[in-house]
Each structure stands twice: as C-alpha cells, then as structure tokens.
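Working notes for the structure below.
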C-alpha cells in the first residue's frame, strides 16, 4: 500500500469508538506506531488549528451511523501539520446496527499547495516551509498569519525582522521567487491552451 493512502477501523461498541486496526500506511503518514494508535479515538490527530466545525460535522455523522467525507488539518507525532482527506464508512451488522467504522485517509498537503498562491492561507505557507526544509519558522508564519498574497511580496529584510537568520531569509526569498515563476508558467500554459481551443486549434505533441 502506498503510504499516502491508509486506513483504520474503529470499534463502535466500545466507549469513545476507539481505533482497533491500523494499516502500515496510516502509521507512516502520522508518525505514530500501531501500538500508540490502537485504543485512541481518531481525534488524537487534531491540533490547535484543526477546524472545529469540520470536527463537529464528523462527530454528528458518526453519532447517526452515517458516512462522511472531509478535508481536515491534522498533526503528525512530531507536531507538523498536514492536510488529510478521509472518508468514514459505517459497517452494518445483520440487525442494521453499526458496530464498526472503516476510515480511508490520504495526505493531500501537496495537492493543497498546488492551488493558486492567492488562495493560500497561513496554514498553507507554514506547510510550504516544511516542504523546503525550513519548518523551524512555521510558528513565525502562523503567528503573523502570513498568507499567499503576503508571501509573494516578502523581502529578506522583512523575514529577518520576523526572526529568521539572514542566510535563511535569502534562501526563503529565492524559493518564493521560484514558486511564483512556476505558477506564472502554469498560468501562461493555461491561457495559451484556452486561447488555441477558442480558435478551434488542436495542439499536437507529434513532431514533424
């Protein structure tokens, strides 16, 4: 199983609906061992910036024995956040009751970060820092709520004033420029393709 995909099974006949089965993928995705996970309720992955409304939606569906699918900000054992999309399905017995649930999860952090920079909130920028190896500054970005619109205009001096080292500030600015360039290339290709399509011109990859 690809570690980006994982599953768990919970026992709904026990108090607090604890996890009783953990796939290797789930353990790798979260950083916890199977022994640490089993017996826990799935909310143990929640953290400071997990959306409470999303949590309530999941809880309400489980209480009614219904399936539910959401995207939610979870946290690994090392404290690093990640975007998790999961679907929870009820397992019915012969009497129609729900003694268990099965949940299938996928880490979609990179997919979230492929969204336009203008749509990034501060959670996205802090996750991006982790991807470029500068997660030590995630809390600075979170505390100052640096979103995508602010990120693209940041200078090395501003980053230093927020608490980064000069070398790291220079590196982060370089990565910001690379990020903007990649997005501009994607936008240019999209506009070009749409323009050709509107003229009824079909692009071909075949070389003459």
Which of the residues that make up segment 98-118 are farther than 14 Å from residue 179 by Cα and over 13 Å from the mean Cα position of the chain (by Cα)?
98, 99, 100, 101, 102, 103, 104
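Okay, residues lined up against (1) at pLDDT 95 or above; (2) surrounded by 15 or more Cβ atoms within 10 Å (Cβ to Cβ):
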site	(1), (2)
21	yes, yes
35	yes, no
56	yes, no
78	no, no
If residue 74 passes every condition in (1) at pLDDT 90 or above; (2) in contact with a helix residue (DSSP H, G or I) (Cβ under 6 Å, 6 or more places away or on another chain); (3) within 23 Å of residue 43 (Cβ to Cβ); (4) surrounded by fewer than 20 Cβ atoms within 10 Å (Cβ to Cβ) but one, which one does it miss?
(4)
Only one residue in 150, 166 is surrounded by 15 or more Cβ atoms within 10 Å (Cβ to Cβ), at pLDDT 90 or above and not assigned by TED's automatic domain parsing to the domain that holds residue 45. Which one?
150
Look at residue 50 and say whether it is within 16 Å of residue 83 (Cβ to Cβ), at pLDDT below 95 and surrounded by 15 or more Cβ atoms within 10 Å (Cβ to Cβ).
yes
Residues to consider are 176, 136, 172; find the one that is closer than 24 Å to residue 83 by Cα and exposed (fewer than 14 other Cβ atoms within 10 Å of the Cβ).
136
Of everything in segment 85-97 that's modelled with pLDDT of 95 or more and touching a helix residue (DSSP H, G or I) at 6+ places or on another chain (Cβ under 9 Å), which residue is surrounded by the most Cβ atoms within 10 Å (Cβ to Cβ)?
88
Return yes when residue 117 is farther than 27 Å from residue 26 by Cβ, at pLDDT below 90 and crowded, with 17+ Cβ neighbours inside 10 Å and no when it is not.
yes
Across segment 29-46, what is the total count of residues that are farther than 15 Å from residue 7 by Cβ and in contact with a helix residue (DSSP H, G or I) (Cβ under 9 Å, 6 or more places away or on another chain)?
5
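The values are calculated or read from the model by the stated rules, or taken from the named source; none is laboratory data. Treat the numbers as computed from the prediction; the structure is a model and nothing was measured. Note: ideal-geometry Cβ built from the backbone for every residue, glycine included; neighbour counts use all protein chains shown.
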